[in-house]
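A quick write-up on the structure given underneath.
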Amino acid sequence: MGSAGAKRAAAVGVPLLAAILFPLVVDNPYLVSVAVTAYVTAIAVYGLDVMLGYTGQLSLAHAGFFGIGGYTVGILTSDYDFSFWAALPIALALTSLLGHLIGLAALRTRHDYFAIFTLAVGVMIVIVIERWESLTGGTDGLIGIPPPTSIGPLSFASLNAQYYLALSFLVLTIYVVRSLMHSLVGRTFLAVRNSEDLARAVGIDTGRAHQLSFVISAALAALGGALYAPFLGSIGPDVGDVPMTFNMLVYLMIGGVASLPGPLVGTVLIMG
């Protein structure tokens, strides 16, 4: 392995080792809880970066998809006795479908108009959550959401177990985003971001690229929300509100847009 390869390995291995050892070295449940919250939020911030950093469109409905993921898992597990592992793919599929349908309308606009349209969508999502009291608990939210169900001998009832679960999903998210951005799809996204006219001229379907990035962004937001709700044991409308989207945007800006470590670095720094 050359020096460049060794540096890359160290850049990945050292932070990962530190994250693995963190709850063992830091005997403080509060700090571990903050880390779990930062990890699941960072997953959603990666979704925002897919949309903003790689195709150049800012969705202000991002926290709304985060809330949909959390509420779907919360409702299915607490009210209908679904296991977490059955509720999770349902939450991702539902949010992806909603993202696709909303994207069909939103992506007819561009830039400022797209942001305004998605801002309205984000507000409407929160209104639905607050008004549909029989399903969502209204402004009081959902309480009593159980932790993720066990997988054989693996139990996720303890805080440390939930920490490692959140860390595992975060690592998986980073791997998926990295693989996506080094694929033909990722290069297509970057071409659309840099110049839609030029991308169109070489035969790229820019509308399809924007639509795909919107769905991926919504799915990652839902994944973060789906992990957030069982960790806290409750969820309220505020997690899907527009200020939450702006918080995620700040984390992304601080860490670095279109930078693989950016969403994680910004989220951990600010939340920490």
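The values are calculated or read from the model by the stated rules, or taken from the named source; none is laboratory data. As the structure is a computational prediction, the values presented were derived from the model and not from experiment. A quick note on method: Cβ atoms are made from the backbone with ideal geometry, for glycine too, and the neighbour counts reach across all protein chains shown. Side chains included, ligands, DNA and RNA excluded: accessible areas come from the protein's heavy atoms. Shrake-Rupley method; radii C 1.70, N 1.55, O 1.52, S 1.80 Å.
By how many nm would the segment from R108 to D205 grow when fully extended, if each residue of separation counts as 0.36 nm and the alpha-carbon distance is taken off? Provide the component values of the computation, followed by the final result.
Working: separation 97, 0.36 × 97 = 34.92 nm, distance 1.37 nm.
In short, 33.5 nm is gained.
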In Å, the Kirkwood hydrodynamic radius of region 71-126 over pairs of distinct alpha carbons? 12.7
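May I ask you to list the chymotrypsin sites (Phe, Trp or Tyr not before Pro) in region 1-109 that are in a DSSP loop and have at most 16 other Cβ atoms within 10 Å of their Cβ? All intermediate terms of the calculation are to be shown ahead of the outcome.
On the way: sites: Y30, Y39, Y46, Y54, F65, F66, Y71, Y80, F82, F84, W85; in loops: Y80, F82.
In loop regions of region 1-109 (DSSP not H, G, I, E or B), the sparsely surrounded chymotrypsin sites (Phe, Trp or Tyr not before Pro) are Y80.
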Rounded to the nearest 10 Å², the accessible area of D27 at probe 1.4 Å: 150
Would you mind telling me the share, in percent, of accessible area of region 109-214 contributed by carbon and sulfur at probe 1.4 angstrom? 65
Amide H neighbours of S234 at under 5 Å, excluding residues fewer than 5 places away on the same chain, with H built from the backbone geometry, are I145
What does region 9-143 give for Rg and for Dmax, in Å, if only its C-alpha atoms count? 17.8, 51
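As an exercise, identify the trypsin sites (Lys or Arg not before Pro) in region 70-146 lying in DSSP coil whose Cβ has no more than 11 other Cβ atoms within 10 Å. Present the calculation step by step, with values, prior to reporting the outcome.
Numbers: sites: R108, R110, R131; in loops: R108, R110.
In loop regions of region 70-146 (DSSP not H, G, I, E or B), the sparsely surrounded trypsin sites (Lys or Arg not before Pro) are R108.
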Computed about the Cα centre, the charge dipole of the chain from +1 Lys/Arg and -1 Asp/Glu charges at the Cβ has a magnitude in debye, to the nearest 20, of 940
Please compute the Cα-Cα pair-distance distribution of region 135-251 with 10 Å bins starting at 0, giving whole percents from short to long. 11, 30, 30, 19, 9, 1
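Would you mind calculating the gained length between S183 and L31 on full extension (0.36 nm times residue separation, minus the Cα-Cα distance), in nm to one decimal?
Working: separation 152, 0.36 × 152 = 54.72 nm, distance 3.66 nm.
Using 0.36 nm per residue and subtracting the Cα-Cα distance, I get 51.1 nm.
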With the dipole of the chain worked out from charges on the C-beta (+1 for Lys and Arg, -1 for Asp and Glu) around the Cα centre, which of G47, T245, F65 lies farthest toward the positive end? G47
Highest mean first, how do 55-63, 252-260 rank when packing is the count of other Cβ atoms within 10 Å averaged over residues? 55-63, 252-260
For region 254-263, Karplus couplings with θ = phi - 60° (6.51, -1.76, 1.60), whole Hz, Gly/Pro x: 5, x, x, 6, 6, 10, 4, x, x, x
Applying the Karplus parametrisation 6.51 cos²θ - 1.76 cosθ + 1.60 with θ = phi - 60° to the phi angles of region 167-183, what ³J(HN,Hα) value in whole Hz is obtained for each residue in order, glycine and proline being reported as x? 5, 4, 5, 5, 4, 4, 4, 4, 5, 5, 5, 4, 5, 4, 6, 9, 9
Size of the chain along its principal axes in angstrom, Cα-based, largest extent first? 56, 54, 32
Can you tell me the accessible area per residue over region 58-97, all protein chains present, probe 1.4 angstrom, in square angstrom? 32
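Whole number please: convex hull volume per residue, Cα atoms of region 23-85, in Å³. Kindly include the intermediate steps, with their values, before the conclusion.
Details: hull volume 8.4 nm³, N = 63.
In region 23-85, the Cα convex hull volume per residue is 133 Å³.
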